[in-house]
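For reference, the structure is listed below as C-alpha cells.
The values are calculated or read from the model by the stated rules, or taken from the named source; none is laboratory data. Source: prediction; values computed, not measured. Backbone-built Cβ (ideal geometry, glycine too); neighbour counts: all protein chains shown.
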Ligand code: FBP
C-alpha cells in the first residue's frame, strides 16, 4: 500500500497544479481502448508503474493505459498482481472536475508465472481494493476484505493520509440515482423500467422521486454513492452491450469496496464479482449501491426484457 499511496500523492500534486505546469490537454497518442490519452494519463501511469515495480511486491500488473500486462523484472518480482486505472475520469480533468485512481490487488498462487491467465479469474478472488479521489480534498478509500472500508484524507501540510472516515457503511436505501441519461435511447426495457421506478415512484411505494446526480467520473460518483447511498450505474445499451467500464480495474475494485461497505454490485442479472473476464480490458455493465436499491434493480431485470439475456429486441 505504501507504493500505491506514493503514486496517489504524486498524481494529486500534478492534478492540483496541472493548468499551471501545462499538464492539461492531450498527450498525442491513443490507448488500447481507442481513447485519446491525456498528458496526465501517461504521466500518472508511468508514476504508478515505477512505484509499484520498485516496491518489489508485484509480479505483474494491468493498467488501463497499457495494451498488455506489465511484467516486473524477475529480480524485483513479488507474489501479488495489481490492476489499476491511473487516472479515471480523465475526460473531465481540463474542466477541473474530480478525477481519481482505482486499483485492485490479487495474491497469485505460489510459484505462479507472470502470465495473463493468472489474472483472468473471478472478481471474488480480489484481496484488497481502493480508489483515491482528487478533488476539493484528496480521499483514499481502502478495503482489505474484512467487511471494513476505511477512508483517509490527505493532509497537504503533513503529506500524510489521515483516517477521517472509519468503517464506511453504505445506506441500504438512498435517495439519489447516478447514470448518464443521455444513453436512455439505447437502454433495454429493464434499465428503463428501473430508472422510471426511481423517477416516478408508485403511490403504493410511498417513496419520493430520487434526485439525479451524475459527474461522469466513476470515482466521484461512487464516492458519493458510498457516503449518501442510492445507485450508481453504467448499464449495457444498444451501442455497447457490455457497458463502458472495464472489469479488472474499474468494476471489480468498486464492486468489492461496495460489498465490503455493506452494499451490492450487479450487472442486472449477475453479481459483478462472479464475472470471469476473458481479456484484461474487458468491460461489463454495473449497478452498485445499497442492498435495497440493488434488489430493485435485480427485480427490474428479472421481469423485463434486457440485452444481457438477449430478450431485448
Ligand atoms: P476513463 O476516464 O478512465 O476512461 O473512465 C471512464 C469514465 O470516465 C468513468 O470515470 C465514468 O464513469 C464514465 O467513463 C463516464 O462515461 P460517459 O461520459 O459515457 O458518461
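Data for the structure
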quantity	calculated
Restricting region 66-79 to residues that are out of contact with any strand residue (DSSP E or B) (no Cβ under 6 Å at 6 or more places or on another chain) and either within 10 Å of the ligand (Cβ to nearest atom) or not in a loop (DSSP other than H, G, I, E, B) (or both), the residue that is farthest from residue 283 (Cα to Cα)	75
Residues within region 89-114 that are on the phi < 0 side of the Ramachandran plot and away from the ligand (no atom under 16 Å from the Cβ), tallied	9
Test for residue 129: is it at pLDDT 95 or above and within 17 Å of residue 261 (Cα to Cα)	yes
Region 29-47, subset in a strand (DSSP E or B) and free of Cβ contacts under 8 Å to residues at least 24 places away in the same chain, residue farthest from the ligand (Cβ to nearest atom)	29
Residue within region 282-305 that is surrounded by fewer than 23 Cβ atoms within 10 Å (Cβ to Cβ) and closer than 28 Å to residue 34 by Cα present	yes
Those residues of region 80-106 which are assigned to a strand (DSSP E or B) and out of contact with any helix residue (DSSP H, G or I) (no Cβ under 8 Å at 6 or more places or on another chain), in sequence order	80, 105
Residue within region 237-248 that is more than 11 Å from the ligand (Cβ to nearest atom), in contact with a strand residue (DSSP E or B) (Cβ under 8 Å, 6 or more places away or on another chain) and modelled with pLDDT under 95 present	yes
Residue selected from region 145-173 under the condition part of a loop (DSSP other than H, G, I, E, B) and touching a helix residue (DSSP H, G or I) at 6+ places or on another chain (Cβ under 7 Å), by the criterion nearest to the ligand (Cβ to nearest atom)	170
Tabulated pairs, region 192-220, first within 17 Å of residue 301 (Cβ to Cβ) and modelled with pLDDT of 95 or more, second more than 16 Å from the ligand (Cβ to nearest atom) and in a loop (DSSP other than H, G, I, E, B), C-beta under 6 angstrom, 6+ apart or interchain	193/304; 198/210
In region 249-267, residue farthest from the ligand (Cβ to nearest atom) [restricted to those that are surrounded by fewer than 24 Cβ atoms within 10 Å (Cβ to Cβ) and farther than 21 Å from residue 299 by Cα]	260
Yes/no for residue 62 being touching a helix residue (DSSP H, G or I) at 6+ places or on another chain (Cβ under 9 Å), under 26 Å from residue 242 (Cβ atoms) and within 16 Å of the ligand (Cβ to nearest atom)	yes
